[in-house]
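A quick write-up on the structure given underneath.
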Amino acid sequence: MNKKKSLWKTITSSREASLLLILIVMLIVVEILSKGTFLTPTNISQIFRNNALTMLMALGMLCVMLTAGIDISITSTLAFTGMIIGMLQKRAGFTNTLVLFLLAALIGIACGFLNGLIISKGHLAPIICTMGFMYIWRGLAYVVSNNQWASGADVAKFAEFGKDGSVGPYIILIVAYVAFFIIMKWTTFGRRIYAVGSNADAARVSGINVDKVLIEVYTIMGLLAGLSGALSVSIYASAQPNMQYGKEMDVIAACVIGGTSMNGGRGSVIGTFLGALFYAVLAKALPLVGLDSIWQNLIKGVVVLAVVLINVLTQRSMDRAALERREM
Amino acid sequence: MSEDLILELKGITKIFPGVKALNNVQFQLRRGEVHALMGENGAGKSTFIKVITGVHAAEEGHMYLNGKEVHFKGPKDALAAGIAAVYQHPTTYPTLSVTENIFIGHEFVKNGIIQWRQMTQEAKKLLDRLDADFKPGDEMGTLSVAQQQMVEIAKALSTNAKIIILDEPTAALTANESEKLYKIVDQLRDEGVSIIFISHRMEDMYRLATRVTVFRDSQYIGTYDVDKITEAELIKAMVGREISDMYPKPQVKIGGEVFRIEGMSRTGYFKDVSLNIHAGEIVGLTGLVGAGRTETMEAVCGITKPDAGKVFVDGKEVHIKNPADAMKAGIVLLPEDRQRQGLILSWGLGDNVILPIQDELAKGPFKVKNELKERELAKKYLEEIDTKAVTIFDPGSSLSGGNQQKVVVAKALVQDNMKVLIMDEPTKGVDVGAKAEIYSIMGDLAKKGYGILLISSEMAEILGMSDRIYTMCKGRVTGCLDIKEASQERLLELSMEKSKTTGKEAVQ
């Protein structure tokens, strides 16, 4: 009895555990509804491949949201970076995969650094600053494209890395998640991010350079967005200025589902992973259980709201239970 | 050198844009002493502390640590030199664990990896040393203010600080929590830590300090031995004038009952609270922080929903579902956190004052704002309470805490059907001068026949102003004393009585 209670307590008192539970339930339901055709190795690997960009950028968004910020410029950074990578191959015939990835990372870092600099030193609201850059980078992506796309033939060699069956995207994801898991939990750098989001004034007084932390998180976000730009070109074997348009909301949704608080200071790498996975599974499952694509956005929205609501209600009932324990 | 000084500051001047926050002040701290730093709000105490801890850099002046001149470039330098501060408002990280709150900024790191286990063990040791009743793994946000303060002290200890600065540590604490803090301070002093202690409470100073330094208007006034200065002399040093009667309690003929609550309960906050107030009576309500005083009154005023209970005004039951109902019934609450719940700081004073009756003053079917009438009324009431504001257009943020509180009182007064005024910690964080004025306003209101409920943790003001005193403990009323039979000891006993027994029950 005691042990059972503590297991139940673990589940309700940890957002990660409750989300894992919801995820498992959903998988079982989908597996049954799709008559056992859902959980196949192909489907699973596709879920990760198709959502690699969201999953990768969710890590950066976690950092940003932990500082009570938000970054809606990421898919524009992605498009801008992707366009440069694509055009370098199409027009300059430059095809070294590693160098192209490094270049994408550098461009992303520069974009993110600008966000961080303006938000920390200029005291701009993150949503306003990144909204500005959302238009700027997307606009520059169109400028770089000059009304042209980089198509499959242009990026053929580069697409080897991300093509169906290549382990490239998975390795990037695994390395990124393991690295972030360690950084966020076991390094002072990671804990500074939590501290700044939990109470920026306190952080300042205890000698933490808040501006530096902010610049760092937005730079990390930019780095991941830049890498995603290259990855996107590689996976989809094309570069267009409108790529991943509007998908920044998927990234934010993944973090929020994973228990990251918009008020900062609360969130985890595992939660983010589960959140992103939840979102990815949902997107993949809807057509398989026979739902027409016209319904998918509607259902996604409802499910996202439901999951977050459940999260909030669990929190509230936990608070209530704590109050009742006070015996008043 | 005749004295063993661990810290000395000379000729410190700190200028903020437009203000001289510190003007050529000095300070000497002996090794192993508890030194009180006193002065009215705005006297520059907090700024001074921040200069010591390196948060602010002084424009002029010298600072000597153990006789050697030091220049701190930031809080980190001060910490490294063994100076730690516990600020007025706990500067904690509510979403992080106690362990992390203690060690943030100086974590145990091995090969770049944080040693959580070691840190938790060390945190446990520190908490045991302070006799804390919570665990290192608890989330900071779930702790009470007193507990959070203890974490802050543990944090100071974890840095091996030789000088600990406590900035108004008892402001948010009740009597017995303060007593616990005193013991901790005594213990630290015995261990050789030098302590600077800022407080508005005289009892803190008498209980703890051997010397006291007074600042006034950004200037150094003097340093005195605590046992050689009287309270009146000290107040004079702080205020610059003598305050003849701190508690001008008028003799008022007590009328009939205006307000009564019966059996108010809310799960987890308070249970079965009943009390009454007569016209012209000032009723004190005291207890420990967390005893449910504020929560009860918030429920009475419809801010939160009680699970059970009845409210009567003038003998008739009223049903209150929201704050507007309470106001209609004649019950007005002056909230504890006046900056958050009492005033809209960015608005003009006039707009703040007439906000509760704006709707009534408005004209016509479209409720057009009656600017002229509003201004006239706002002016009248602001004059009545004598704020130092120049015009009704000054923003709320331009006033000091004490004057803000007076504006909140004016806001209550404009509601001419007011019968009961509930004042929740009206003088918290308010300096001595403004305190006396608030008491005198309170006395005037009682004379006019309003029933007043004074919620306060400060024994002196409860005993000085009340006709009758209720005590609460763990959400229940534990006593009601006439002022003639009340004493500090008796009130404390009633406030704590139950906490001991329930404490034992909880352990079992």
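The values are calculated or read from the model by the stated rules, or taken from the named source; none is laboratory data. Everything quoted here is computed from the prediction, not taken from an experiment. Cβ atoms come from the backbone with ideal geometry, glycine included; neighbour counts cover every protein chain shown.
Within the range B:15-39, residues that are closer than 14 Å to B:H56 by Cα have Cβ atoms under 9 Å from residues that are buried (at least 18 other Cβ atoms within 10 Å of the Cβ) and charged (D, E, K, R) in these pairs: B:K20/B:K14; B:A21/B:K14; B:L22/B:K14, counting only partners at least 6 apart in sequence or on another chain. Determine whether the range B:484-504 contains at least one residue that is surrounded by fewer than 19 Cβ atoms within 10 Å (Cβ to Cβ), away from every other protein chain (no Cβ under 14 Å) and at pLDDT 85 or above. Taking every residue of the range B:484-504 in turn, at least one turns out to be surrounded by fewer than 19 Cβ atoms within 10 Å (Cβ to Cβ), away from every other protein chain (no Cβ under 14 Å) and at pLDDT 85 or above.
Counting the residues of the range B:348-368 that are assigned to a helix (DSSP H, G or I) and surrounded by 14 or more Cβ atoms within 10 Å (Cβ to Cβ) gives 11. Tell me, please, whether a residue that is surrounded by 21 or more Cβ atoms within 10 Å (Cβ to Cβ) and outside any strand (DSSP E or B) can be found in the range B:209-216. Within the range B:209-216, one or more residues are surrounded by 21 or more Cβ atoms within 10 Å (Cβ to Cβ) and outside any strand (DSSP E or B). Hey, B:M327 hits all of (1) touching an Asp or Glu at 6+ places or on another chain (Cβ under 7 Å); (2) within 14 Å of B:V420 (Cβ to Cβ); (3) at pLDDT below 90 but one; which does it fall short on? Failed condition: (1).
Kindly evaluate B:E425 against the criterion of being closer than 30 Å to B:I277 by Cβ, in contact with a strand residue (DSSP E or B) (Cβ under 8 Å, 6 or more places away or on another chain) and touching a residue at least 12 places away in the same chain (Cβ under 8 Å). For B:E425, the condition - closer than 30 Å to B:I277 by Cβ, in contact with a strand residue (DSSP E or B) (Cβ under 8 Å, 6 or more places away or on another chain) and touching a residue at least 12 places away in the same chain (Cβ under 8 Å) - is met. Only residues that are farther than 22 Å from B:K73 by Cα, at the interface with chain B (Cβ under 10 Å from one of its Cβ atoms), surrounded by 17 or more Cβ atoms within 10 Å (Cβ to Cβ) and not aromatic (F, W, Y) were counted across the range A:172-198, and they come to 5.
How many residues does the range B:131-157 contain that are buried (at least 18 other Cβ atoms within 10 Å of the Cβ) and either within 23 Å of the chain's Cα centre (by Cα) or within 14 Å of chain A (Cβ to nearest Cβ) (or both)? Residues in the range B:131-157 being buried (at least 18 other Cβ atoms within 10 Å of the Cβ) and either within 23 Å of the chain's Cα centre (by Cα) or within 14 Å of chain A (Cβ to nearest Cβ) (or both): 14 in total. For the range B:369-388, does any single residue satisfy the condition of being modelled with pLDDT under 75 and in contact with a Ser or Thr (Cβ under 9 Å, 6 or more places away or on another chain)? For the range B:369-388, residues modelled with pLDDT under 75 and in contact with a Ser or Thr (Cβ under 9 Å, 6 or more places away or on another chain): present.
Only one of the numbered conditions (1) surrounded by fewer than 24 Cβ atoms within 10 Å (Cβ to Cβ); (2) outside any helix (DSSP H, G or I) is not met by A:F113, and that is (2). Here B:I441 clears all of (1) closer than 22 Å to B:E281 by Cα; (2) under 18 Å from the mean Cα position of the chain (by Cα) except the condition numbered (2).
When the test is whether a residue is in a helix (DSSP H, G or I), at pLDDT below 90 and among the basic types (K, R), B:K76 passes it.
Taking residues in the range B:100-126 that are in contact (Cβ under 8 Å) with a residue 40 or more places away in the chain, and partners anywhere that are in a helix (DSSP H, G or I) and among the hydroxyl-bearing types (S, T, Y), the pairs with Cβ atoms closer than 7 Å and at least 6 places apart or on different chains are B:I102/B:S158; B:F103/B:S158. Here B:L345 meets the list (1) of a type outside the set (G, A, S); (2) more than 20 Å from the chain's Cα centre (by Cα); (3) surrounded by 15 or more Cβ atoms within 10 Å (Cβ to Cβ) almost entirely, failing just condition (2).
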